Amino acid sequence: MDITSIIIGAAIGVALGAVIVFILQKTALKAKTNSILKEAEAEGEALKKDKIIQAKEKFLQLKDEHEKNARNRERNLQSREDKTKSKENSLNQKIEEVNRKSQAIDRQKKDLEDELEVIENKKKEIEKVHQKQVNELSKISALSVDEAKTSLMEALKDEARTDAMAYIKEIVDEAKINASKEAKKIVVQSIQRVATEQAIENSVSVFNIESDEMKGRIIGREGRNIRALEAATGVEIIVDDTPEAIILSCFDAVRREVARLSLHQLVSDGRIHPARIEEVVAKTRKSLNEEIIETGRRTCIDLGIHGLHPELMKMVGRMKYRSSYGQNLLQHSREVANLCAIMASELGLNVKVAKRAGLLHDIGKVPEDEPELPHAILGMQLAEKFGEKPDVCNAIGAHHDEIEMTTLISPIVQVCDAISGARPGARREIAESYIKRIKDLETLALGFDGVIKSYAIQAGRELRVMVEAEKVNDQRADELAFIISQKIQNEMTYPGQVKITVIREKRAVQYAK
């Protein structure tokens with residue numbers, strides 16, 4: 001064989017080997033690819049099954065949550081239905097009670113009409129007797145008809161007045177017995193139905209001390225300690241004959257509290273002198289400011305109100321030491337906030353905004369500078385200054401109709417403020433009206449002839465009337481007590497009842513010289 005044939009044969013062999021190798025590699029690659037595809041398909045099936053299982057678990061979880069929410073809604077609906085039925089039953093009971101009282105009043109009215117008819121009949125009989133006596137006197141005496149009539153009328157008038165007073169007294173005594181029973185029943189029912197907490201703030205505080213010896217140390221030499229304490233706190237300190245007690249008087253409850261705490265610390269420490277007083281008052285004022293801030297913060301946390309400006313939070317804390325018509329302002333604001341939240345929830349409004357507006361509606365009453373502005377307008381300006389939302393600002397400014405209401409939250413705050421302030425026992429009458437009522441009582445009694453003095457005591461629940469013994473006899477004293485009671489009842493407005501005591505006293509005074 002020549003070299004060319006060898007080369008050609010070798011080339012052909014190499015080519016055939018390459019082809020065979022290529023075919024073998026392609027076959028191996030195809031087998032490997034099929035294996036990878038099978039593994040991928042197996043993994044895909046497993047992943048698919050996992051996803052299906054997860055989807056089923058998610059579905060079951062959502063189904064359980066849905067059923068749980070449905071059960072909760074069902075329970076809430078049942079609870080509301082029960083409350084509605086309870087209110088309906090309560091209203092029915094009240095209606096029945098009103099009907100019973102109305103029937104009792106009708107019976108009493110009928111009895112009074114019968115009694116009036118009896119009185120009218122007696123009056124007619126008296127007139128007949130009177131006419132008969134006039135005729136007889138005209139015949140027997142030499143008096144004229146007019147003179148006899150005048151004499152007889154005076155006699156009959158005294159007799160009729162005595163009989164009428166005795167009869168009226170009997171009726172009044174009987175009415176008092178029945179009224180006492182009914183009043184006790186009504187009071188018990190009221191106590192059962194109206195059990196509300198009350199907070200009464202006064203303009204004075206009583207600081208108790210262990211002994212009267214401590215009073216002298218608090219007063220100091222020539223009163224220097226008292227003067228230093230009054231100058232540092234702005235509180236009037238009254239040291240009188242009351243045993244083991246000192247009275248702190250000031251319209252500002254914060255100042256009064258600073259004075260009380262400072263006195264407590266001074267008495268506990270024992271070192272009482274002007275320099276020490278100024279130091280203790282400064283520390284106490286700082287401590288009380290921190291307590292005010294903490295009170296505001298705790299109030300916001302309790303009500304679930306977040307993001308309130310620190311200055312507004314401090315004003316909320318100051319409400320604790322402020323009262324309005326005897327109602328603690330912080331308690332009132334918390335009550336209004338909770339009522340607003342309930343109403344907003346029932347109406348489908350924003351509960352958080354309503355609660356925020358309810359808490360802040362009276363912040364205009366507590367700023368330290370207190371400018372001459374209505375508290376609603378001042379509160380609105382403060383809320384705007386410290387970044388509150390327009391809905392909250394409008395509710396604050398409009399809760400006494402100083403500005404126009406532009407949101408649904410505003411009337412809710414106004415209504416809840418009225419509910420909190422008007423509930424039984426929440427507020428008491430102001431001092432000016434109380435003093436005026438007491439003076440009117442005394443003036444009314446002094447307007448009767450024979451009355452020399454009158455004193456309203458026991459907070460206006462008793463009126464003692466002093467009369468001249470020469471002008472007013474015992475019978476006239478009874479009449480005077482009755483007439484004064486009727487006039488007070490018809491002309492004045494007062495809580496509870498007023499006891500009228502007419503005192504007739506004869507004194508004989510002589511001097512041995």
(request) Output the strands (runs of 3 or more DSSP E) that fall wholly within region 151-265 and possess 1 or more residues being under 30 Å from Ile105 (Cα atoms) and at pLDDT below 75, or say none. (result) none
(request) Output the qualifying pairs, or none if there are none: Cβ atoms under 7 angstrom, residues six or more apart or on different chains, first residue in region 281-310 and part of a loop (DSSP other than H, G, I, E, B), second residue open to solvent by less than 90 Å² (accessible area, probe 1.4 Å). (result) Ile305/Lys355; Ile305/Arg356; Ile305/Leu359; Leu308/Cys300; His309/Phe386; His309/Gly387
(request) For region 453-505, enumerate the residues that are open to solvent by 30 Å² or more (accessible area, probe 1.4 Å) and part of a helix (DSSP H, G or I). (result) Asp474, Gln475, Arg476, Asp478, Phe482, Ile483, Ser485, Gln486, Lys487, Gln489, Asn490, Glu491
(message) among the charged types (D, E, K, R) and at pLDDT below 80: which single residue out of Asp146, Asp106 fits that description?
(response) Asp146
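Is it true that Ala395 is of a type outside the set (D, E, K, R), within 21 Å of the chain's Cα centre (by Cα) and assigned to a helix (DSSP H, G or I)?
Yes, satisfied.
Matching residues to (1) closer than 28 Å to Ala259 by Cα; (2) open to solvent by 40 Å² or more (accessible area, probe 1.4 Å):
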{"position": "Ile293", "(1), (2)": "yes, yes"}
{"position": "Arg297", "(1), (2)": "yes, yes"}
{"position": "Cys300", "(1), (2)": "yes, no"}
{"position": "Gly307", "(1), (2)": "no, yes"}
{"position": "Met319", "(1), (2)": "yes, no"}
{"position": "Asn328", "(1), (2)": "yes, no"}
{"position": "Cys340", "(1), (2)": "no, no"}
{"position": "Asn350", "(1), (2)": "no, yes"}
{"position": "Val353", "(1), (2)": "no, no"}
(request) Tally the residues that are in a helix (DSSP H, G or I) and either in contact with a strand residue (DSSP E or B) (Cβ under 8 Å, 6 or more places away or on another chain) or at pLDDT 80 or above (or both), restricting the search to region 421-436. (result) 1
(message) Quick check on my filter: what residues within region 101-112 are among the hydrophobic types (A, V, I, L, M, F, W, C) and open to solvent by 90 Å² or more (accessible area, probe 1.4 Å)?
(response) Ile105, Leu112
(request) Answer yes or no as to whether Glu115 is over 30 Å from Thr150 (Cβ atoms) and in contact with a helix residue (DSSP H, G or I) (Cβ under 8 Å, 6 or more places away or on another chain). (result) yes
(request) Kindly provide the set of residues from region 461-497 that are under 12 Å from Ile438 (Cα atoms) and in contact with a Lys or Arg (Cβ under 6 Å, 6 or more places away or on another chain), ordered by number. (result) Glu462
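Each row is one residue, and each column tells you yes or no for (1) modelled with pLDDT of 85 or more; (2) touching a strand residue (DSSP E or B) at 6+ places or on another chain (Cβ under 7 Å); (3) open to solvent by less than 90 Å² (accessible area, probe 1.4 Å).
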{"position": "Asn34", "(1), (2), (3)": "no, no, yes"}
{"position": "Lys38", "(1), (2), (3)": "no, no, no"}
{"position": "Glu41", "(1), (2), (3)": "no, no, no"}
{"position": "Gly44", "(1), (2), (3)": "no, no, yes"}
{"position": "Lys68", "(1), (2), (3)": "yes, no, no"}
{"position": "Arg71", "(1), (2), (3)": "yes, no, no"}
{"position": "Lys85", "(1), (2), (3)": "yes, no, no"}
{"position": "Ser90", "(1), (2), (3)": "yes, no, yes"}
{"position": "Asn99", "(1), (2), (3)": "yes, no, yes"}
(request) Can you tell me which residue within region 437-452, out of those that are assigned to a loop (DSSP other than H, G, I, E, B) and not hydrophobic (A, V, I, L, M, F, W, C), is least open to solvent (accessible area, probe 1.4 Å)? (result) Gly450
(request) Considering (1) open to solvent by less than 40 Å² (accessible area, probe 1.4 Å); (2) in a helix (DSSP H, G or I); (3) modelled with pLDDT under 80, say which one Ile272 fails and leave the rest. (result) (2)
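The values are calculated or read from the model by the stated rules, or taken from the named source; none is laboratory data. Everything numeric here is computed off the predicted structure, so don't read it as measured data. With ideal geometry, Cβ positions are generated from the backbone for all residues, glycine too; neighbour counts draw on all protein chains shown. Heads up: the accessible areas ignore ligands, DNA and RNA and are worked out on the full protein's heavy atoms, side chains in. Shrake-Rupley method; radii C 1.70, N 1.55, O 1.52, S 1.80 Å.
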